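**Q** Let me give you the structure first, and then I'll get to my questions.
Read-outs throughout are calculated quantities, based only on the coordinates presented, and are distinct from any laboratory measurement. None of the values given here were measured: they were computed from a predicted structure. Positions of Cβ are backbone-derived with ideal geometry, glycine not excepted, and every protein chain shown enters the neighbour counts.
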Amino acid sequence: MAENEMIICRCEEVTYGELVETADKYGCSPRELKLRTRAGMGYCGGRTCRNAVDSIAHSSTKRDVSQITLKYQPPIRPISFSKLGGVGNND
């Protein structure tokens, strides 16, 4: 597997190559890179890829100290797997 094909955001299936290409083409801030590629916008809310997206964006543009780094948000409320899959008692 080539480096560019490595998946950075598993939820949205965004590859390293897509992130680097987008960051270089548009000179994206981390937030803009997230919005253009959807990396960090999947089910996990960026918990697995946030740091990589942030690093890729800052490697292609000069870091602006006034910008806030990407954050992640947990789901609104926890839910059990049995409720999610419709298995067992669905109270």
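**Q** Taking amide H positions as placed in the peptide plane 1.01 Å from N, state which residues far from Thr15 in sequence (5 or more) or on other chains have amide H under 5 Å from it.
**A** Ile8
**Q** Okay, next question. What does the charge add up to near Ala23, with Lys and Arg as +1, Asp and Glu as -1, over the other residues with Cβ less than 10 Å from its Cβ?
**A** Once all neighbours under 10 Å are counted, the net charge is -2.
**Q** To continue, here is another question. Can you list the HN-Hα couplings for the range 23-29, worked out from phi with the Karplus curve (6.51, -1.76, 1.60; θ = phi - 60°), rounded to whole Hz and with x for Gly and Pro?
**A** My calculation for the range 23-29 gives 4, 5, 5, 9, x, 6, 6 Hz in order.
**Q** 7 Å from Cα along Cα→Cβ at both Lys62 and Glu3: what's the point-to-point distance in nm?
**A** Output for this residue pair reads 2.5 nm.
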